[in-house]
Amino acid sequence: MAFKKVQPKGSVPDSPDELLRDLPRRKIPDVLPHQREIMRSYAETALGIPDVALQLPTGSGKTLVGLLIAEWRRRRNQERVVYLCTTRQLVNQAVEQAEEKYGLSVRGFTGRAKDYDPAARADYRNGDRLAITTYSSLFNTNPFFDDADIVIVDDVHAGESYVSGLWSVRVDRTNPEHRALHAALRNVIKPHLDLTTFSRLEGKWDSASERRWADKLPTPEFEDVRGEIAEVLDAHVADTDLKHSWSMIREHLSACHLYFSSQEILIRPLIPPTWTHAPFLDPKQRIYMSATLGAGGDLERMVGRHPIQRLPVPKGWDRQGVGRRFFIFPDMSLKEEDVTLLRRRLMQIAGRSLVLVPTDKMRDEIAKDVVENLKFRTFDADAIEDSKKPFVRSKEAVAIVASRYDGIDFPGNECRLLFIEGLPKATNLQEKFLMSRMGATVLFNERIQTRVLQAIGRCTRSLEDFSAVVVSGEELPEYLTDIKRKKFLHPELQAELSFGVEQSRDSTADGIVENFETFLENGKDWENVNQQIVTARAQAAQSVFPAMEDLSRVVGYEIEFQTALWQGDYESAVGSAERVLGGLDASELRGYRALWHYLAGSASWLGAEAGVSSLSAKARAHFDHAKSATRGIPWLVRLARYQSGNNNVASDDSVLMEQIERVEAMLVKLGTVHDRSFALREKDILEGLESDDRFEHAHMLLGEVVGFEAGKIEDQGSPDPWWIIGDVCLVFEDHAGAKDSSAIDVTKARQVSSHPAWMVANVPASKDAKILPVLVTPVKKAHSAAIVHLAGVALWPLRDFKEWAQNALAALREVRKTFFEPGDLTWREKTAELFQQNNLSARPLFEKLKTVPAAKYLKPE
């Protein structure tokens, strides 16, 4: 066997940007000026810093920068370098770009570690080639990449779930593998839940508000069942995909939180304890790359590292956008069925299109529609995981991807049409709880904006790209068109959105199609129109989100808090929490201050339970402060028994705020981009209340829009609609079709009086509630034999009921005008005042109806 020739080590240039010229297989002449600027800044100022962040906007060649830095470090110091991507598809894409476009020899690693190519393993171990792999290849309990010198984290803005997932036990009720475990866990926590909450946890309620509902077991209650939870998980996870994440948190449950929804149970720490994971902690340097890094410490919270030095953004990118997007908002002018028809027409014209949807169900529905009506080939995420070439080579194809709004790139002529059907702002239960229940959306402003920007930029990856973006569904249209948010967006995007809104408003499907064809031609007609966007861009300015300075100032203390809590050092944890509170001064942070008083109280309570008696008073004081920090967070009422003197909070207020939370969910569902959906719901209620056939359905819808959980079951002996919120339950007997000259007979009286018993037997949520049967009728008399059965039944005269309904809808129309997003505590407080003024608050309404007993106000006949 002949000896192999050993190549001498070549000289390495002083900066990564110079390395490209030494790569003979490259397909590009040189790096761009802004790429050179940031690479030289890195080489001159950041070589020895443990944590460094580089921000380069989408389309500015971020991948080339990261790969050149990685290769330069490998050659310069003979270091093992690992380059992380969020998905397998992105690993394959980065490897392809490195080899075919930049002339770099790299190794890609996907799949199971035991299946890695032996030659690739050796190349990485010897420092001969850099490794490109997924986040999950590093963030697992037994990673192959446990000895890297340098870790480069690409698209870190999209990596939170991949990082925190190592310390997150997520039990999905609908996953067959998890069902038994979910049932066992919910039975463990059942003693700490009211029947309404427990029935929600079981998934028995299905409505718009339920899909957005998230809850949390308070730390003292979680601690009470911690041992049982550990035993249940030990017994169930051995043969499931949860065993690894469970092993990471098992001995640190007191440092975690338990969240739940109608879909899942999640146990995780507030901040991922990455400092305990040697493959991430031990490298000399971690380099984070993102299109947006933010200014409020969000990056530090996502990766559990502080401080992180940020390199300055290259000059000029504060105003220059990437490519051109033509936004279309069909919901502004078309009915739902017409939006579907428009989608088909646009797909047919474009040939290839990409559709991003929030759920697998929606993906399957659209795929079926495309195949049946267009006969186009469809691709899901798995079909383009290894390569997108089959899609790109198809003249008529639609890629439909669920729950993925980043990392799928179709630049140039690969795809000119992007549909986005809604965008969930929260990607896990912790985020959802903090946003919707704790009023802490300000904490996630930058994270949400980044997700939105990533979603709308899938087909505009360079300056010369252009793509139409059709936005519909829930949340995202409101997010992009809300004038309150507009000022926080990039000037180019502000101009594009304003243009898109103007073209979409009061338009027809034919008009939208004509504009789309003009845009696709990209000729003189579009050039003239495009100048409007360029002019508007010059006049726009981007504002900074509120409270960013405060959030950035305290993030180091937040990580110190989680570190101390993880170690069981409760006194230090409390001290760090109090330092966080000392830095949260902005008025927009009221909800976040309440959260940190709760966390400080929880750490104090745990410390007191562990024997540090001095922390007992602190626990009560912080729980007091959490409760009083703001009126708009009903969840904090659950801490009442752990507060000073075991004081009780007025349940009126907490029930009302629960109503307001549900009204928020209803407003999100109906949307705020236009008035059409709300007006149709209003019409259904008002017209239904004037119809004998539709009265009961309208009555149920009325309960939903004013914040009750409303229901109706068509069964023998069942009541008409019921409204439940908190411990208040109104169950109705609708007698609206009766003549006002008639009288209530014995059968009707017995029927309405039996409704509470029916509710207890058939609606679990009512068992903890005070149930009031209510007779809605125009009748003013009752048979003498019926009076005795009406004891305990309230009378709501039909005329008064209709007047109340009209006032309720008027009030809702008023609060809708100022609605911004769920969790806005100022809006909640003003809406609560309006509800009280108009007698819409559940408990006062309950008490008022009790003062009108049917047995007294119906005259005997």
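By the combined test of axial Cα extent (at least 30 Å) and Kyte-Doolittle hydropathy (mean at least 0.5), none of the DSSP H helices of the chain qualifies. A cut-off of 5 Å between modelled amide H atoms, ignoring neighbours fewer than 5 places along the same chain, links Phe419 with Leu354, Val355, Leu356, Val470. Solvent exposure of the chain amounts to 41 Å² per residue of accessible area, where only protein heavy atoms count and the probe is 1.4 Å. Of all DSSP beta bridges confined to the chain, the antiparallel ones make up roughly 25%.
A simple spin-label model places pseudo-atoms 7 Å from Cα toward Cβ; at Asp482 and Lys817 they are separated by 1.8 nm. Segment Ala541..Thr174, full-extension length gain: 127.5 nm, with 0.36 nm per residue of separation and the alpha-carbon distance subtracted.
Remark: the Glu251-Ala738 segment gains 168.8 nm on full extension, using 0.36 nm per residue and subtracting the alpha carbon distance. The order of Ile267, Ile349 by accessible area, most exposed first and with a 1.4 Å probe, is Ile349, Ile267. At an R0 of 25 angstrom, the distance between the Cβ atoms of Arg344 and Asn413 translates into a FRET efficiency of 0.70. Between Asp115 and Asp380, the FRET efficiency from the beta-carbon distance, with R0 = 30 Å, is close to 0.80. Given the pairs Lys487/Lys669; Lys101/Lys388; Lys425/Lys669; Lys432/Lys669, which are separated by over 18 angstrom at their Cα positions? Flagged as over cut-off: Lys487/Lys669.
Whole-percent P(r), the stretch 487-605, all Cα pairs, 5 Å bins from 0: 2, 10, 14, 12, 9, 7, 6, 6, 7, 9, 8, 6, 3, 0. Near Tyr83, the amide H atoms lying under 5 Å from its own belong to Ala131, Ile132, Thr133, Ile152; only residues 5 or more places off or on other chains count, and H is placed 1.01 Å from N.
By a 1.4 Å probe calculation restricted to protein chains, Val237 has an accessible surface near 10 Å², given to the nearest 10. For Val774, the residues whose amide H sits under 5 Å from its own are Val731, Phe732, Glu733, Ala794, ignoring neighbours fewer than 5 places away on the same chain, with H placed 1.01 Å from N. Only lysines eight or more places from Lys781 in sequence, or on another chain, were considered; those with a Cα closer than 24 Å are Lys739, Lys748, Lys802, Lys848, Lys850, Lys856, Lys859. Multiplying the residue separation of Asn762 and Val746 by 0.36 nm and removing their Cα-Cα distance gives an extension gain of 3.4 nm. What percentage of the solvent-accessible surface of the stretch 526-598, computed with a 1.4 Å probe over protein heavy atoms, is contributed by carbon and sulfur atoms? For the stretch 526-598, the apolar C and S fraction of the accessible surface comes to 44 percent. Placing R0 at 22 angstrom, the Cβ-Cβ distance between Gln806 and Lys830 gives a FRET efficiency of 0.55 after rounding to 0.05.
In this simple spin-label model, placing a label point 7 Å from the Cα along the Cα-to-Cβ direction at both Asp239 and Gln837 gives a separation of 6.2 nm. Using a simple spin-label model with pseudo-atoms 7 Å out from Cα toward Cβ, Gln78 and Arg676 lie 6.8 nm apart. When only the Cβ of Lys, Arg, Asp and Glu is charged (+1, +1, -1, -1), the dipole of the chain relative to its Cα centre reaches about 1080 debye.
The values are calculated or read from the model by the stated rules, or taken from the named source; none is laboratory data. Everything numeric in this text was worked out from a predicted model, so none of it was measured. No Cβ is skipped: glycine too gets one built from the backbone with ideal geometry, and neighbour counts run over all protein chains shown. With ligands, DNA and RNA removed, areas are computed over all heavy atoms of the protein, side chains included. Shrake-Rupley method; radii C 1.70, N 1.55, O 1.52, S 1.80 Å.
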